[in-house]
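Visitor: Quick one: structure below, then a few questions.
The values are calculated or read from the model by the stated rules, or taken from the named source; none is laboratory data. In this text the structure is predicted, and so the values were computed from the model without any measurement. Positions of Cβ are backbone-derived with ideal geometry, glycine not excepted, and every protein chain shown enters the neighbour counts. All accessible areas refer to the heavy atoms of the entire protein, side chains included, with ligands and DNA or RNA removed. Shrake-Rupley method; radii C 1.70, N 1.55, O 1.52, S 1.80 Å.
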Amino acid sequence: MLKTINRKHFIDNKFFYGFLILAFLLRVIGINYGYPYIFNIDEPAIVRSALGLRYNSEIGHFDWPHFTFYFNFVFYFLFIKLRGLVQIIGARGILENIFPILWNDPFVFYFITRFLSALFGALTIIPIYLMGKEMFSRRVGLISAALFSVIPYHVYISHVGVPDPLLLFFVTWAIYFSYRFSKSLRYRDIILAAIMFGIASGIKYNAIILSIILLLFVFYQLKVSNKINIKVLKDLFVKLIIFGFISLFTLLLTTSEIITNWDIFWSYKYGRGFLWQLKLNSGPLGLNEYPQALM
């Protein structure tokens, strides 16, 4: 992916790096809020499921896809091994006096997840800047990066160990590569867009709906450039089939239990089935239900 991004976008761009650093600082400062209590109801679902992978590789519930759990587990695993190494060499006492949170289980794992949210929330500025620059101008890219770095809700949600900051990171890259494909019609760009949408769908199912943006970009560019002909449409159809296949394949890689536990995935089992999440947990409320739900 990095090879497709021209390095000249970032060379000698002090403003961009300034906004990136600002975004990270705004999101990382205060991520220990609530300690020692956890107030967000979604954080325990991620931390407990990710930690559970140490003992059982099967997650067994599909209210969310599984990429977030595996992603966090990688960092948990590395942290546990490094912490064990520190204990083996006898340096625990020194580090624990300086950073007592390192041995404060389970809160340290909430801290790791929150740090990842803050980090990838800040890194989302990169595709936003690139998109603004390529669609309009360098100035628009910088303005977009500046606004995103301080947007209040994203700063807030990036303090919490929930899937949304990571989701937006991959969705934004997916939209960026979708735009690049609409301009170039190259296999490389549509494959990268498909992978990004597939990973995003492995974080939250509804991310795949946003892939409609790819079609909107493509047909707009074809209309503007007046390149609509049978040959172009046939080539485009093949590439869209490849896009769909790669997106689905990537989703299944992130949540392979869809295949192995299909009976649970395609069910209304409370807190476990995809249909429970789709129809019962995330379904729209009727007008008579809103007043009570707002309480």
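Visitor: Out of curiosity, is residue 54 basic (Lys, Arg) and in contact (Cβ under 8 Å) with a residue 12 or more places away in the chain?
Guide: The answer is yes for residue 54.
Visitor: Another question, if that's okay. Exactly one condition in (1) in contact with a Pro (Cβ under 9 Å, 6 or more places away or on another chain); (2) free of Cβ contacts under 8 Å to residues at least 60 places away in the same chain; (3) surrounded by fewer than 18 Cβ atoms within 10 Å (Cβ to Cβ) is false for residue 136; which is it?
Guide: Checking residue 136 against (1) in contact with a Pro (Cβ under 9 Å, 6 or more places away or on another chain); (2) free of Cβ contacts under 8 Å to residues at least 60 places away in the same chain; (3) surrounded by fewer than 18 Cβ atoms within 10 Å (Cβ to Cβ), the one that fails is (1).
Visitor: Of everything in the stretch 210-228, what is farther than 26 Å from residue 167 by Cβ and β-branched (Val, Ile, Thr)? Give them in sequence order.
Guide: Passing the criteria: 224, 228.
Visitor: Here's another thing I want to ask about it. State which residue is most open to solvent (accessible area, probe 1.4 Å) when the search covers only the stretch 27-52 and only residues that are part of a loop (DSSP other than H, G, I, E, B) and closer than 20 Å to residue 272 by Cα.
Guide: Top of the filtered list is 41.
Visitor: Go through 115, 69, 77, 99 for me and flag whichever is closer than 28 Å to residue 250 by Cα, free of Cβ contacts under 8 Å to residues at least 40 places away in the same chain, open to solvent by 40 Å² or more (accessible area, probe 1.4 Å) and among the hydrophobic types (A, V, I, L, M, F, W, C).
Guide: That would be 77, the only listed residue that is closer than 28 Å to residue 250 by Cα, free of Cβ contacts under 8 Å to residues at least 40 places away in the same chain, open to solvent by 40 Å² or more (accessible area, probe 1.4 Å) and among the hydrophobic types (A, V, I, L, M, F, W, C).
Listed here are the residues, each with its yes/no results for (1) surrounded by fewer than 19 Cβ atoms within 10 Å (Cβ to Cβ); (2) out of contact with any Ser or Thr (no Cβ under 6 Å at 6 or more places or on another chain); (3) not in a helix (DSSP H, G or I).
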{"site": "56", "(1), (2), (3)": "yes, yes, yes"}
{"site": "61", "(1), (2), (3)": "no, yes, yes"}
{"site": "65", "(1), (2), (3)": "no, no, yes"}
{"site": "82", "(1), (2), (3)": "yes, yes, no"}
{"site": "87", "(1), (2), (3)": "yes, yes, no"}
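Visitor: So, residue 227, is that one farther than 28 Å from residue 148 by Cα and either hydroxyl-bearing (Ser, Thr, Tyr) or in a helix (DSSP H, G or I) (or both) or not? I'd like the intermediate steps shown before the answer.
Guide: Details: farther than 28 Å from residue 148 by Cα: yes; either hydroxyl-bearing (Ser, Thr, Tyr) or in a helix (DSSP H, G or I) (or both): no.
Answer is no for this residue.
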